[in-house]
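Student: Got a structure here, written out as structure tokens. Questions coming.
The values are calculated or read from the model by the stated rules, or taken from the named source; none is laboratory data. Since we're looking at a predicted model, the values are computed, not measured. Counting neighbours? That spans all protein chains shown, and the Cβs are built from the backbone with ideal geometry, glycine included. These area figures cover heavy atoms from the full protein model, side chains too; ligands, DNA and RNA do not enter into them. Shrake-Rupley method; radii C 1.70, N 1.55, O 1.52, S 1.80 Å.
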Amino acid sequence: MTATALSVRNIRKSFGEDEVLKGISFDAHSGDVISIIGSSGSGKSTLLRCINFLERADSGEVAVAGEIIKTHKAKDGQLSPSDKHQLKQMRARLGMVFQNFNLWAHRTVLENIIEGPVQVLKHPKKKAVADAEILMDKVGISQKRNHYPSQLSGGQQQRVAIARALAMQPTVMLFDEPTSALDPELVNEVVQVIRQLATEKRTMIMVTHEMALAREISTHLIFLHNGRIEEQGPPQLIMENPKSDRLRQFIGKF
Amino acid sequence: MVIHTYIEYMGWGAGGWGDEFFFGFLMTLKISLSAYALAVIFGFFATTAKLSKNIFLRFMAVSYTTVVRALPEILMVLIVYFTVAGLAETALVKAGFVDKGFQFNPFWAAVFALAFVAGAFMAEVLRAARLAVPEGQIESATAIGMSSLQIFMRVILPQMMRHAIPGMGNLWLSITKDSAIVAVLGAFSELLYTGYRAAAATKEYVFFYGVTAVLFLLITLISIAVIQWMERHLNRGYA
Ligand SMILES: Nc1ncnc2c1ncn2[C@@H]1O[C@H](COP(=O)(O)OP(=O)(O)OP(=O)(O)O)[C@@H](O)[C@H]1O
Ligand SMILES: [Mg+2]
């Protein structure tokens, strides 16, 4: 049994009257690749954002490598982090890749990648640059190191965003539809990088609409519907033999 | 009138007005720079209040910017100079920052009044600039574990300034001109007041108001060059 890299317990989240997450729990062990699928509005992004507290859940618990993120119930009823310092450390261990890349527009590729290591991990700049060089090589963006995000294609920007997340040496990578903002011909270059990470046994949680990719690289598949985990299991198994009608319909669309 | 009389007019010392204009020029810069720096601080406070979740803070900030922008500047400066400065004095004494009987010197009271007015306009410029920074870039900074202060200094501020520079530049240009308003508050010997004195004493209205105008123009031209340089610098990386 490998160590639990990420443990999510009973996450609930409402927006007003609308309960978007109705108690979600799952574990990711070291080396797991968990794909989360589900129709638009089923709460996939909200779930990822509750994990690193970009969104505050109403209740639940998140633990990274066995360490529970300390929280308390705030006056507004939402779950509030109790220890800012711990929260920052935990966030640093959860590398998030966004649908829209969210690179810092006023910083070059290299500057984007070394920002976290230098500012948050307090690495010396020299070391951060040396590490960044390896990562830029890995995602194939070395030639563009001094370019600004606006000078890059979407695919290139997303590869930089992945390198930026990797530079933090995170325990778990969180991907929120990393390819859905890309032109079709640019999807593959990003998929290649993610595939590579999977073969390196990186622990990843990936929200995706790329069913082929999910099936190929996931160790576990979660189908989210109406704020609940409707079905989960090994990807081949549940894609070929969906038990619920919902999943059958959902898969039928692809 | 021959040329050399004008040269004498602009001479240094008792006979000429050159030194008066030189110090008037410096005084105008001093008032403008001080008021501007203070206005930036007021503006940041007001913007933060406007964008905060606290209703009371939002209400205060909106009242401030609305009232200031509704009234003629010169009236606002008079009101602030004669009332708000006094209230601030009392507040500072009560808070224990200064001793009893403390009074702003008139220079600082005038600067405060100018800054109070400019700060309201600054708040609008800064608010628009703050809102122009994409939320996603703040989220990605949050997600790697940066602190609020780091996010402000390293993600928000640099990008905000890019959007704020044109508006802030305009405010600087108008504050150099508005600095002349303090002439109504008393003798601060800034540029306009100096021009007025020289013109009145010599009856050379056209010449001395002309000199005054040229000096104001000089400030503006230099300012524009600096603002353009800053814009270019801050716009690096944007297509
Ligand atoms: N900040 C918010 N305020 C109010 N409602 C929100 C907010 N964020 C998300 N929602 C709602 O929560 C539900 C789930 O949204 P979420 O973005 O998590 O869905 P998703 O599964 O990621 O969808 P997609 O596939 O379109 O990205 C939606 O109904 C959405 O409208
Ligand atoms: Mg989503």
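Student: Quick one: in the stretch A:140-154, of everything that is part of a helix (DSSP H, G or I) and surrounded by 20 or more Cβ atoms within 10 Å (Cβ to Cβ), which residue is farthest from the other protein chains (Cβ to nearest Cβ)? Talk me through it step by step, then tell me what you get.
Tutor: Within the stretch A:140-154, the first condition is being part of a helix (DSSP H, G or I), and the residues that meet it are A:142-144, A:149-151, A:154.
Checking the rest, the ones that are also surrounded by 20 or more Cβ atoms within 10 Å (Cβ to Cβ) come to A:144, A:149.
Numbers: A:K144: 13, A:P149: 8 Å.
By that ranking, first place goes to A:K144.
Student: Given (1) under 14 Å from the mean Cα position of the chain (by Cα); (2) away from ligand 1 (no atom under 16 Å from the Cβ), where does A:G154 come up short, assuming only one miss?
Tutor: If we test A:G154 against (1) under 14 Å from the mean Cα position of the chain (by Cα); (2) away from ligand 1 (no atom under 16 Å from the Cβ), just (1) comes out false.
Student: Do we have any residue at all in the stretch B:86-94 that's open to solvent by less than 40 Å² (accessible area, probe 1.4 Å) and in contact (Cβ under 8 Å) with a residue 40 or more places away in the chain?
Tutor: No, the stretch B:86-94 has no match at all.
Student: So which residues in the stretch A:55-64 are surrounded by fewer than 21 Cβ atoms within 10 Å (Cβ to Cβ) and either within 14 Å of ligand 1 (Cβ to nearest atom) or closer than 16 Å to A:R91 by Cα (or both), if there are any at all?
Tutor: Of everything in the stretch A:55-64, those that are surrounded by fewer than 21 Cβ atoms within 10 Å (Cβ to Cβ) and either within 14 Å of ligand 1 (Cβ to nearest atom) or closer than 16 Å to A:R91 by Cα (or both) turn out to be A:E55, A:R56, A:D58, A:E61, A:A63.
Student: Within the stretch A:170-202, take every residue that is away from ligand 2 (no atom under 16 Å from the Cβ), open to solvent by 10 Å² or more (accessible area, probe 1.4 Å) and outside any helix (DSSP H, G or I) and give me the one that is farthest from the other protein chains (Cβ to nearest Cβ).
Tutor: By that ranking, first place goes to A:K201.
Student: Taking A:E55 and the conditions (1) among the charged types (D, E, K, R); (2) in a loop (DSSP other than H, G, I, E, B); (3) out of contact with any Lys or Arg (no Cβ under 6 Å at 6 or more places or on another chain), which numbered condition does it fall short on, given that it satisfies the others?
Tutor: That leaves (3) as the condition not met.
Student: Of the residues A:S30, A:S25, A:S40, which is among the polar types (S, T, N, Q), more than 13 Å from the chain's Cα centre (by Cα), open to solvent by 40 Å² or more (accessible area, probe 1.4 Å) and within 16 Å of ligand 1 (Cβ to nearest atom)?
Tutor: Numbers: A:S30 fails: within 16 Å of ligand 1 (Cβ to nearest atom); A:S25 fails: within 16 Å of ligand 1 (Cβ to nearest atom).
Just a single option satisfies the conditions, and that option is A:S40.
Student: Being over 22 Å from A:T179 (Cα atoms) and more than 8 Å from every other protein chain (Cβ to nearest Cβ) narrows it down to one residue among A:A92, A:A128; which is it? Spell out how you get there, then give the answer.
Tutor: Numbers: A:A92 fails: more than 8 Å from every other protein chain (Cβ to nearest Cβ).
From the options A:A92, A:A128, the qualifying one is A:A128.
Student: With the checklist (1) farther than 24 Å from A:V193 by Cα; (2) open to solvent by less than 30 Å² (accessible area, probe 1.4 Å); (3) more than 16 Å from ligand 2 (Cβ to nearest atom); (4) in contact with a strand residue (DSSP E or B) (Cβ under 8 Å, 6 or more places away or on another chain) in hand, flag the one item A:G95 doesn't pass.
Tutor: (1)
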